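Scroll down for the structure; my scribbles are underneath it.
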Amino acid sequence: MSGVNNDQTIRAVLWDFGGVILTSPFDAFAHYERSAGLPESLIRKINSTNPDTNAWARLERSEVSIAEFADIFNGEAQVLGHTVDARQLLSLLNGQIRPQMVEALRRCKDAGYKIACLTNNVNTSEGGPGASDPGRAAAVAEVMSMFDHVTESRHTGVRKPEVRFYEMACEALEIHPREAVFLDDLGINLKPAAALGMRTIKVTDPDVALRELSAVLQIELL
């Protein structure tokens, strides 16, 4: 999915993190489902039920602790007739860094574009995802330091696809939404951005997405 916006010059490139800069956690979820004998796409189904108030949404807004999240999520799974290890799911959020995306970040920044990360994430201070892997944490921190601004759901108390989340990122960058192009792997997160006037690119194949971004910005990213 791509949104088209040709009425104003692009000044900023906004990036989702998991599924864009990192490999998609949905691949890891699918492997977990197969290994645990669970129905295909069960995790997606749980997360799409009451998507603004379910366990995952509340964790990403820091409204519940990881322990509370696990209890609530496990209960949501049981309503559907299945047993899920919610804490193990959190460990699956640790995707691999995509080097071509990091290089694209560098090239966008070198070309003078503002770059920001818009991420729904969780508090890892309680032993959450990545907390026990200092090497990976350092690599992620290095990538995050490249951004001019990072908007994180765990700090803002709002999350994608809430419109206010995108507005906050634009305010921090001092841009109008029409001056931004936004990359995300979920269509539900792209729709509000497009409605605000952003150019949007859905990341399914990262190389295809970067070719599309190259065409928008008129710079070589691959």
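A short reminder: the numbers here are calculations on the coordinates, not readings from a lab. Worth saying up front: this structure is predicted, and the values here are computed from it rather than measured. Cβ placement follows ideal geometry from the backbone for every residue including glycine, while neighbour counts extend to all protein chains displayed.
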Cβ pairs under 6 Å, 6+ apart or interchain, first in region 197-222 and assigned to a loop (DSSP other than H, G, I, E, B), second among the aromatic types (Phe, Trp, Tyr), ordered by first then second residue, are Met198/Phe182
Looking at region 140-169 only, could you name the residues that are among the acidic types (Asp, Glu) and outside any strand (DSSP E or B)?
Glu142, Asp148, Glu162, Glu167
